[in-house]
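Reading through the structure tokens given below for one structure.
A short reminder: the numbers here are calculations on the coordinates, not readings from a lab. None of the values given here were measured: they were computed from a predicted structure. Neighbour counts are summed over all protein chains in view; Cβ atoms, including those assigned to glycine, are modelled from backbone coordinates with ideal geometry.
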Amino acid sequence: MNHLPRFAVLLAALALFSASARADELQDANKLFKQGQQAQALELVEQYLAKKPGDAQGRFLKGLILTDQNKVPEAIEVFSKLSQDYPDLPEPYNNLAVLYATQGQYEKARRQLELSIHTHPSYATAYENLGDVYAKLASQAYDKALQLDSSNSAAKNKLSLVREMISTGNRQPRASADASAEPARPVAVAAAPAPALKPAPEVKQPAEAKPAAKPAEKAAAPTGDAEAVLKTVREWAGAWSKKDVGSYLAFYAKDFKTPNGEPRAQWEASRTQRISAPKKIQVVVEAAKVTLSDADSAVVAFKQLYRSDHLKTSSSKTLVMVRSDGRWVIREERVGG
Amino acid sequence: MRSARQLACLAVALSAFGIPSALSPAKSAHTDLTADALLATVYDEISRGRVDAALQNIEGLISVKPNFRLAQLIKGDLLMARAGPIDTLGAAPNAPAARIDDLRAEAFARLRAYRDPPPTDRVPRYLLQMREDQKYAVVVDTHLSRLYLYQNDGGKPRFVADYYVSSGKNGALKAREGDERTPVGVYHVTASLPRAKLAEFYGSGAFPINYPNEWDQIQGRNGHGIWLHGTPPDTYSRPPRSSNGCVVLANADLNDLAHNLQIGLTPVIISEDVEWLSADDWAAERKEFREQLDGWRADWESLDADRYLAHYSKRFSANGQNLDAWSRYKRLVNGGKSWIKVKVDNVSMFRNPGKEELVVVTFDQEYRSNNLTNTTKKRQYWIREDGLWRIVYEGTG
């Protein structure tokens, strides 16, 4: 159940924008960004920001695009100003921390993450990132204590960038071209992210976001179909983790809708390349929720924790599954629900 | 707090050293900012689960002393405890065990010293009598890794300060060159070597002491170059047992101490375990020993050679002379005198640490007789044999 408020708010947020043509621009920019067409996405978002220079969603997206383009100082600038103008938003702090960490500035990263958690005490991504930053700082301190060469310590952790600014969901983004004005306090966190991996019992949960007492998949358990769907999703994640490309691709339906409408062969080549490249991959499915649309189709929403030797992400994912020849297969795969 | 619960493990780890989980009230009120005090505060905060405060304090300490490795270790632990459970001081993964052990030993030494400061109502037994112009005396405890500075307050030693020190890798009781031990005995600083003349390794300065002293030489001990010195630039302090025999202080501490050292004069008494006496017991020992010295002087003046020579030990030696040779010589000299007057001034008396009861006495001797007058600086080593104090070495000091 954890995911429903999150999606609902996200959709509400988008609905809010869709009232205007400008919001369409932002949505389009977002879509282009998710398709990896960063230059075009940036162009659109710049157009949008020219008209609404203070808009938080637009600036957030711009920061993400710059990050993906590896323009770290520019991205830092964007997120930094955004967090100054909207000090109550946790996501810009988190992403600033990720950027500082890529520069090896772990103390700065830590400060940002602590601010992020201070803003939203149940912010799971920031917790996970902060754990990694603490570990990195600890290892630096140990290196100094023990006169070790830090170059031989573990590879740099890649922290999770937040790609959706959920907490703006039910607040009006303040058009704050002038950063000096007192930013409006956000309406409390109806959109608190799902309490995920590492629940910290002592952390106060915002009242609106009471976590379900039981894991979501248990709640969905009664029907055998839901169980079977979930089992398939876990096997899919397992094949991916084993870098078993053949088995992985076999989880996709013949009529799988490729993300950008590209030909199946092209998509498969791209997947094969991406799965083969890292030495190690780990994919974990968390907080899965299965909704059976009818007897032979289901929607599975979950949190996907992906970790490879050089990337770590946490994202919301939705799989549209169909039963084909008695087997559940993936017809659609969407990031972010 | 999750991290607080994990930190309890660190507190338990430290408790395993026998350090109490909370400081005494008197100590909590203590607000000095020495490294030891801050470490003790951090430790106290850890045991109370106040992780944020502990981390803030340790970072404060590191900002002042960035090369303080022990502080870095504790910082690492405090951060690590936030990322995952840790169960010991020095939870660094894959850390070299010897280095961790060294830092643990340092933590233990510093915290213990902070918890058990030198007793204010007691004095080190060794400081029986300081000369009037000896402004300070240094007493080192190699077991506790501590150096105590005492001021000469009208003849009575008054505690001034104490510092963490490192000593020989193989402990105390130096006997041989290269044995990596710190000597035990009564010494004094013989020189001051400024930073500019030293290798980086010796830090902000060095003060050689007179090991091997006369007694060491009689015992056949050798080696040389035992100094009090500072710390290289890459570290704030060194592990408790890490030197080749020298007594090593943090540079700031050495500089602090340096102001109070008088070359050729300031005693440096190195002990494995300092013995402490109450003011009354100390005064009684001092009086008893001073009477021995006065007895020797009076018997010399008496011209009764047997009474005079009865003050000398069978083990006596000086400049290659044994007791027989010394006795023959003294009988010969005294036989030619019609009168002798001996005056002793500027007396210092320091008890030698260790099993053997030995007192090192230094004084200015004004000798007058019918046919000779001279003034010499004299040093004697008195040893207790069969309950009686006897001179076992005598020479110019």
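Legend: mean number of C-beta atoms from other chains within 10 angstrom of residue C-beta atoms, peptide B:64-73, equals 3. The protection proxy used here, the mean number of other Cβ atoms lying within 10 Å of each residue, ranks peptides B:214-223, A:297-306 as follows, highest first: A:297-306, B:214-223. The alpha-carbon of residue B:174 sits under 20 angstrom from the alpha-carbons of these aspartates and glutamates, leaving out residues fewer than 8 places away in its chain: B:141, B:214, B:216, B:272, B:273, B:275, B:356, B:357. Here's the picture: charge each Lys and Arg Cβ at +1 and each Asp and Glu Cβ at -1 in region A:217-335, and of A:281, A:248, A:295 the one pushed furthest to the positive end of that dipole is A:281. Its Cα centre serving as origin, chain B has a Cβ charge dipole (Lys and Arg +1, Asp and Glu -1) of approximately 380 debye. Which residue, B:322, B:213, B:374, tops the fluctuation ranking in a GNM of chain B built on C-alpha contacts under 10 Å? Of the options given, B:374 has the highest mean-square fluctuation.
Applying D = kT/(6 pi eta Rh) to region B:122-274, where Rh is the Kirkwood radius over alpha-carbon pairs, T corresponds to 20 °C and eta to 1.002 mPa s, the Stokes-Einstein value obtained is 141 µm²/s. Inter-chain Cβ neighbour count for B:93-106, averaged per residue, equals 2 (cutoff 10 Å, partner chain atoms only). In chain B, the longest principal axis of the Cα atoms and the axis of helix B:35-47 are about 40 degrees apart. Histogrammed with a bin width of 10 Å, the alpha carbon distances of region B:230-322 distribute as 11, 22, 27, 22, 13, 4, 0 percent, first bin at zero.
Size of region B:278-396: Rg and Dmax of its alpha carbons, in Å, are 14.5, 47.
Can you flag which of A:34/A:136; B:314/B:343; A:136/B:75 are past 19 Å Cα-Cα?
A:34/A:136; B:314/B:343
Computed over chain B, the convex hull of the alpha-carbon atoms projects to a mean area of 21.5 nm². Here the translational diffusion coefficient of region A:217-335 follows from Stokes-Einstein with Rh set to the Kirkwood radius across Cα pairs; for 10 °C and 1.306 mPa s it amounts to 109 µm²/s.
Which of the chymotrypsin sites (Phe, Trp or Tyr not before Pro) found in region B:79-135 are in a DSSP loop and have at most 16 neighbouring Cβ atoms, other than their own, within 10 Å?
In loop regions of region B:79-135 (DSSP not H, G, I, E or B), there are no sparsely surrounded chymotrypsin sites (Phe, Trp or Tyr not before Pro).
Result for chain B in a Gaussian network model with C-alpha springs under 10 Å: among B:85, B:93, B:183, the largest mean-square fluctuation is at B:93.
To two decimal places, what compactness ratio does region B:70-163 give when its Cα radius of gyration is scaled by 2.2 N^0.38 Å? After normalising by residue count via 2.2 N^0.38 Å, the value is 1.53. The residue among B:358, B:325, B:313 whose Cα reaches farthest toward the positive pole of the charge dipole of region B:278-396, with charges on the beta-carbon of Lys, Arg, Asp and Glu, is B:325.
For peptide A:120-133, the mean count of partner chain Cβ atoms within 10 Å of a residue's Cβ comes to 1. To check you understand DSSP bridge types, tell me what percent of the beta bridges within region B:122-274 (both residues inside) are antiparallel, rounded to 5. Restricted to region B:122-274, the bridges split so that about 75 percent are antiparallel. With 23 Å as the limit on Cα-Cα distance, the pairs of A:231/A:303; A:257/A:317; A:62/A:242; B:355/B:377 that go past it are A:62/A:242; B:355/B:377. Each Lys and Arg adds +1 at its Cβ and each Asp and Glu adds -1 at its Cβ; summed about the Cα centre, region B:122-274 shows a dipole of about 100 debye.
Considering only B:73, B:303, B:144, the Gaussian network model of chain B with Cα springs below 10 Å gives its largest mean-square fluctuation to B:303.
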